[in-house]
1. Could you quote the convex hull projected area for the range 54-196, Cα atoms only and averaged over all directions, in nm²?
2. Please compute the modelled spin-label separation between Tyr182 and His205, points set 7 Å along Cα→Cβ, answer in nm with one decimal.
3. Pop out the carbon and sulfur fraction of the accessible area of the chain as a percent, whole number, probe 1.4 Å.
4. Sort 43-50, 261-268 for me by packing, meaning the mean count of neighbouring Cβ atoms within 10 Å per residue, highest on top.
5. Around Glu42, under 11 Å between beta carbons, what's the net of Lys plus Arg minus Asp minus Glu among the other residues?
6. Treating only the Cβ atoms of Lys and Arg (+1) and Asp and Glu (-1) as charged, compute the dipole magnitude of the chain about its Cα centre; round to the nearest 20 debye.
7. Give me log10 I(q)/I(0) at q = 0.07, 0.08, 0.11, 0.13 Å⁻¹ for the chain, Debye formula, one equal scatterer per alpha-carbon, no solvent.
8. Going toward the positive end of the dipole of the range 367-461, with +1 on Lys and Arg Cβ and -1 on Asp and Glu Cβ, which of Leu378, Gly406, Ser390 do you reach last?
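The values are calculated or read from the model by the stated rules, or taken from the named source; none is laboratory data. Quantities reported herein were computed from a predicted structural model and do not represent experimental measurements. Quick reminder, even Gly has a Cβ in these numbers, built from the backbone with ideal geometry, and neighbours come from all protein chains shown. The accessibility values were calculated without ligands, DNA or RNA, using every heavy atom of the protein model including side chains. Shrake-Rupley method; radii C 1.70, N 1.55, O 1.52, S 1.80 Å.
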Amino acid sequence: MACKQQEKSEKVTENEITKPNIIIIYADDLGYGEMGAYGATELSTPNLDKLAKEGLRFTKGYASSATCTPSRYALLTGVYPWRNKKAKILPGTAPLIIDTAQTTIPKMLKRQGYHTGIVGKWHLGLGNGNVDWNKRIAPGPNEVGFDYSNILAATQDRVPTVYIENGHVVNLDPNDPIEIDYAKNFPGEPTGLENPEMLKMKWHHGHNNSIVNGIPRIGFMKGGEAAKWVDEDMADYFLEEAQNYVKQYKNAPFFLYYALQQPHVPRTPHPRFVGKSGMGPRGDVIVEADWVIGAFIKTLETEGLLENTLIIFSSDNGPVVNDGYYDDSVEKLGNHKPAGKLRGGKYSLFEAGTRVPFFTYWKGKINPGVSDALVSQLDLFSSLASLVGSNESTDDSEQLLDVLLGKSQKGRDELVIEATSRTAFRKGDWAMIPPYEGPAINTQVNIELANADEYQLYNLKEDIGQQNNLAKTKPEKLQEMITAFQAIRGDGNSEIEQLELK
């Protein structure tokens, strides 16, 4: 693979080698109830379960947002995504939303002697708004702290459907240049809307533009035939890249951000996983993701890296079943509950939107256990800085290293969560959701969004399913929550944008 061809890292000092490697494995749309370790009974996830049970499993681990781009922004920067109005679900042509002068986890770690890499989904924008996909694409991951990057630009259902390594489209034929447009199609190019006979996967909503590999996408693309990925091979492609990366930099302290594409749509399991879950493609790609992680951990073990590597696993937001394609995800769901006992899902301000699987694993350093401490992906910035001896931090990121390592149960006290520009508040055992206009349920994806014309207040210790609104019976607690929320959020809470599933 291409990673092997990159120049070897410079020789490192003995002191640098003693610093632990750091790996963040980030799933895409994996819900709180999708793993056996979190109560799933219908899906088999033995590799994830082993890591979670031999590590520290958090019951109150949160993404910052109920959608992907904002969560990824917060993860890498340690800054609430609602502070950046550009941090929302992006098209594949969006410019980079992380300022190249902004501090990030990979930048901070580089300053501490780390080699930094990203493999997998990016979805934080590329370039300055007018990308020529046939030249080096910048700024991107390499300009915000990553020494090595091999990514998909946005999501698997969006064009461009190509891999981009260190800013260059992989396998691009200069005689077949790529053109991308999210507003209009190119003359003569087939689409899912107009050419259903060409499809191997039928679109349900929002996914009816250019057809690649028999799958209709969001956005229009022309050219780049030799560079287009094969969806069914994507998991193997990024696994091999991740394996090559750790093999190449095993003698230096490294940071790898391994961003899986599963179980985001389109769900395209490799043929060897088709039918393995009994739940159709959605279940199959979760089984595939579990296998991929098992193979990756085996590589770390073979290379002798497990004892000196901190692994953090989580998901960018909660689950969604039908998210744009007819793929049997609803029909074959059976007794599986992707959100577990939680209410809502992706796009929602209810708990299932942002409370996600979240565990840490470090062989010999983290004792197996379960933590009820409140932690957010926002906190990884300051916590990892403390781990490596850096004093860098952000106003939003709390230093919770001892919590992540199982040495303390005192997590953060309060947290603002976000869903498509709407925000809500977690403090202690309580969740408060302000009133918002809009439908209570998005019927296309069948998810409760938590919109209501009155405040909602829930005691999650007693009512984890958020069925009993206490806003009227606990007015003092409600006002306490509103005051604490506004102290962080300010006055911008009423400015909301319409939910766009695309």
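1. So the Cα hull casts an average projection of 12.0 nm².
2. So the label points at His205 and Tyr182 sit 1.9 nm apart.
3. In the chain, the share of accessible area belonging to carbon and sulfur is 47 percent.
4. With the highest mean Cβ count within 10 Å placed first, the list reads 261-268, 43-50.
5. With Lys, Arg at +1 and Asp, Glu at -1, the net is +1.
6. Dipole about the Cα centre, nearest 20: 760 debye.
7. -0.34, -0.45, -0.89, -1.29
8. So the residue we want is Gly406.
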